[in-house]
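Here is the structure we will look at.
The values are calculated or read from the model by the stated rules, or taken from the named source; none is laboratory data. In this text the structure is predicted, and so the values were computed from the model without any measurement. When we count neighbours, we look across all protein chains shown, and the Cβ atoms used for this are built from the backbone with ideal geometry, even at glycine.
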Amino acid sequence: MKNICLAALALACPFFAADLAPTPPMGWNSWNKFAEKVDDKTVREIADAMVSSGMKDAGYAYVNIDDTWEGERDAQGNIQSNSKFPDMKALADYVHGKGLKIGIYSSPGPKTCAGFTGSYQHEEQDAKTWAAWGIDYLKYDWCTAKDVYQPSEMQAVYKKMSDALKATGRPIVFSLCQYGWQDVWKWGASVGGNLWRTTGDIEDNWKSMSTIGFDKQTGHEQYAGPGHWNDPDMLEIGNGGMSRTECMTHLSLWAMLAAPLIAGNDLRGMSDETRDILTNKEVLAVDQDPLGQQGRRVSKEGPMEIWVKPLENGDLAVAFFNRGDLMTDSTAYWAVLGLEGKHKVRDMWRHVNAGAVKDGYRADVPQHGVVMVRIAR
């Protein structure tokens, strides 16, 4: 399947599903760290850092510009970027020159969340502009759409932009950002979404991350798969609000959820500790597993939770999560996992083999921490 379709055939082109986002998108977004301070220079430096830090080699591909890039429309109604971004086409070319992809942000309303120009009544025009610039990813945030549309129109509004993107003939990942309203996981794929937010915005602290990840994702498993993913929001790893242990839990939980991995820190000066967490290839491989199955919780006892994610080769990823404030032990019994006999176990954070284990695997898990293992079948 080629990723380029003639515009006249775009509506029939099947690359806007599994071929476009066969695994959860990985990349970076400007909002969590930079908010309105993002500009052309910063985006170029982030692209440089994504390569030099090893994140590109680990699988991170998208450099996404969030809100506040937008300027006014010209006399023909074409959206312009503002003075922070003097030449979007040149910026896209720079990012592409690094072997990366570039994303952008808009709203179906008249204004974006930050009060900049939205795409209301200019959907086809904006899609053509973004395609001409070389954009590869669109985050489409409901925001002021609530002022001009009824909730019952939400699906049609998102489909309108999806159709506009398809009509350009350029493969553009479509990210629905409407905070999980109206059970979006049930209809997001049908309106052309490749991923959809399942909750409100994440904050850089344990309570927010753990509530979103552990409590707000269960029951959505059947709606995730190649080309269409549940999105619990961007990563806060490296922004300072969580400990190293909590950041390891953050990445592990998102990987078990088959969630998009969109970093939100400053890649230019991140610590070795942050880089090592974000580029743990064994954990990332669980997130990017081609089977595309979202993991699920199979056990909850006190502060301890055990989650399981089937992998394409038949292995199981198993994560022991401790949501409590004290070191706690837990055991994943083979019978609960549908296993019997002996199975080889690999610790994905310690990068060590535990050998062939019979009946079950026991783990000591630190407070707010994780032990994540791969069990061979």
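For the range 295-329, how many residues meet the condition of being of a type in the set (D, E, K, R) and in a strand (DSSP E or B)? Break it down into steps so the answer makes sense when it comes.
Going residue by residue through the range 295-329, those that are of a type in the set (D, E, K, R) are 296-297, 300-301, 305, 309, 312, 315, 323, 325, 329.
From what is left, the residues that are in a strand (DSSP E or B) are 296-297, 300-301, 305, 309, 329.
Residues in the range 295-329 being of a type in the set (D, E, K, R) and in a strand (DSSP E or B): 7 in total.
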Query raised in the report: Limited to the range 242-294, what total is found for residues that are surrounded by 24 or more Cβ atoms within 10 Å (Cβ to Cβ), of a type in the set (Gly, Ala, Ser) and either over 15 Å from the mean Cα position of the chain (by Cα) or assigned to a helix (DSSP H, G or I) (or both)?
Result: 2
Query raised in the report: Which number in (1) closer than 17 Å to ASN194 by Cβ; (2) buried (at least 17 other Cβ atoms within 10 Å of the Cβ) marks the one condition that LYS159 misses?
Result: (2)
Query raised in the report: Among the candidates ARG346, ARG275, ARG350, which residue alone is at pLDDT 95 or above and within 30 Å of VAL63 (Cβ to Cβ)?
Result: ARG275
Report task. Scan the range 76-102 for residues that are in a helix (DSSP H, G or I) and without any contact (Cβ under 8 Å) to a residue 24 or more places away in the chain and jot them down. Result -> ALA90, GLY97
Report task. Taking only the range 301-335 into account, find how many residues are over 19 Å from TRP254 (Cα atoms) and among the aromatic types (Phe, Trp, Tyr). Result -> 2
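Consider ARG362 carefully, then state whether it is outside the structural domain of LEU195 (by TED's automatic domain parsing), in a strand (DSSP E or B), out of contact with any helix residue (DSSP H, G or I) (no Cβ under 9 Å at 6 or more places or on another chain) and at pLDDT 95 or above.
yes
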Requested in this report: Could you please find all residues in the range 209-221 being touching a residue at least 24 places away in the same chain (Cβ under 8 Å), surrounded by fewer than 22 Cβ atoms within 10 Å (Cβ to Cβ) and not β-branched (Val, Ile, Thr)?
Outcome: SER210, PHE214, LYS216, HIS220, GLU221
**Report entry** Single residue of the range 92-119 satisfying the filter (buried (at least 24 other Cβ atoms within 10 Å of the Cβ) and more than 21 Å from the chain's Cα centre (by Cα)) that is nearest to LYS41 (Cα to Cα)
**Finding:** GLY118
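Restricting to the range 54-75, name every residue that is acidic (Asp, Glu), crowded, with 18+ Cβ neighbours inside 10 Å and assigned to a loop (DSSP other than H, G, I, E, B).
Residues satisfying the conditions are ASP66, ASP67.
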Query raised in the report: Of all residues in the range 300-316, which are free of Cβ contacts under 8 Å to residues at least 24 places away in the same chain and closer than 24 Å to GLN367 by Cα?
Result: LYS300
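For GLN367, state whether it is surrounded by fewer than 21 Cβ atoms within 10 Å (Cβ to Cβ), assigned to a loop (DSSP other than H, G, I, E, B), at pLDDT 95 or above and within 20 Å of the chain's Cα centre (by Cα).
The answer is no for GLN367.
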Query raised in the report: Considering ALA376, ALA319, ALA356, which residue is touching a Lys or Arg at 6+ places or on another chain (Cβ under 6 Å), in contact (Cβ under 8 Å) with a residue 40 or more places away in the chain and among the aliphatic types (A, V, I, L, M)?
Result: ALA376
Report summary line: Residues of the range 34-53 being part of a helix (DSSP H, G or I), closer than 16 Å to LEU278 by Cα and within 21 Å of the chain's Cα centre (by Cα), in sequence order, are ILE46, ALA47, ALA49, MET50, VAL51
Query raised in the report: For PHE174, are the conditions met, namely being among the aromatic types (Phe, Trp, Tyr), outside the structural domain of TRP307 (by TED's automatic domain parsing) and more than 25 Å from LEU316 (Cβ to Cβ)?
Result: yes
